[in-house]
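Accompanying notes for the structure given below.
Just so it is clear, none of the values below were taken in a lab; they were calculated from the coordinates. Computed from a prediction, not measured in an experiment: that's the story for all the values here. Reconstructed Cβ throughout: ideal geometry from the backbone, glycine too, with neighbour counts over all protein chains shown.
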Amino acid sequence: MKKDNKLIGAGILTAFAASLCCITPVLALIAGTSGLAASFSWLEPFRPYLIGLTILVLGFAWYQKLKPKKEIDCDCETDEKPKFIQSKKFLGIVTAFAIVMLAFPYYAHIFYPKTEKQVIVVDKSNLQTVEFTISGMTCAGCEEHVNHEVNKLSGIIKSTASYESGNAIVEFDNSKTNIVEIETAINGTGYSVTDKKEK
């Protein structure tokens, strides 16, 4: 029974670790400490292995739970009901939790409030577009975090971050904000601007 508990604990731990790089930006936003967002981005290369380990551990736990038990000739009573933590229901809850954690990068964006605002541009010659090369972004949640922080600045027309491309393309009114303020906002998320160029 202790073996089952260890398997369940390992399944939860590996599922959580596989999603930690994407959960941290959301937790940082909620806590108001956005600079911690990229703290666990180093885990991203290990994500496929952690997912595989989670599946193996939970698969083995289910195998242990569902395999037929050997009959023992004994006059002792063995119809004792297992504790909840050792039940199939609990293992089902843990499995559902693991699936929710593993899928987190695909729905992390819903935790970021939309920061749509109307920007009035008086002079079109003030419009400027800059591409920032960013290191440390690993999922869609990272993109939303960068866009959220950049859109807090006044004069931002549009911010489009991409973890796949490792960049953010920002269109803004340079009479209301500038490249340095945008770079500071991006760096404030915990990800790092490594290069920038005007488009």
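Taking the Cα centre as origin and putting +1 on Lys and Arg beta-carbons and -1 on Asp and Glu beta-carbons, what dipole magnitude results for the range 156-199, to the nearest 20 debye?
On the way: 5 positive and 7 negative charges, 11 e Å.
That gives a dipole near 60 debye.
Say the dipole of the range 122-199 comes from +1 at the beta carbon of Lys and Arg and -1 at that of Asp and Glu; which of Ile134, Ser165, Leu153 then lies farthest toward its positive end? Positive-end residue among those listed: Leu153. Counting every other Cβ atom within 10 Å of each residue's Cβ, Asp173, Asp123 order from fewest to most as Asp123, Asp173.
What list do you get for Val57, Val130, Val180 if you sort them by fewest beta carbons within 10 Å? Intermediate results must be reported in sequence, preceding the final value.
Details: Val57 21, Val130 18, Val180 9.
Listed from fewest to most nearby Cβ atoms, that is Val180, Val130, Val57.
Taking R0 as 35 Å, what's the FRET efficiency between Ile110 and Lys69 from their Cβ-Cβ distance, rounded to 0.05? Present the calculation step by step, with values, prior to reporting the outcome.
Working: r = 43 Å, r/R0 = 1.23.
Efficiency at R0 = 35 Å is approximately 0.20.
Couplings 3J(HN,Hα) of the range 159-167, computed from phi: 10, 10, 9, 9, 6, 5, 8, x, 8 Hz, in residue order, whole Hz [Karplus 6.51 cos²θ - 1.76 cosθ + 1.60, θ = phi - 60°; x for Gly and Pro].
Placing +1 on each Lys and Arg Cβ and -1 on each Asp and Glu Cβ, with no other charges, gives the range 112-198 a dipole about its Cα centre of roughly 200 debye.
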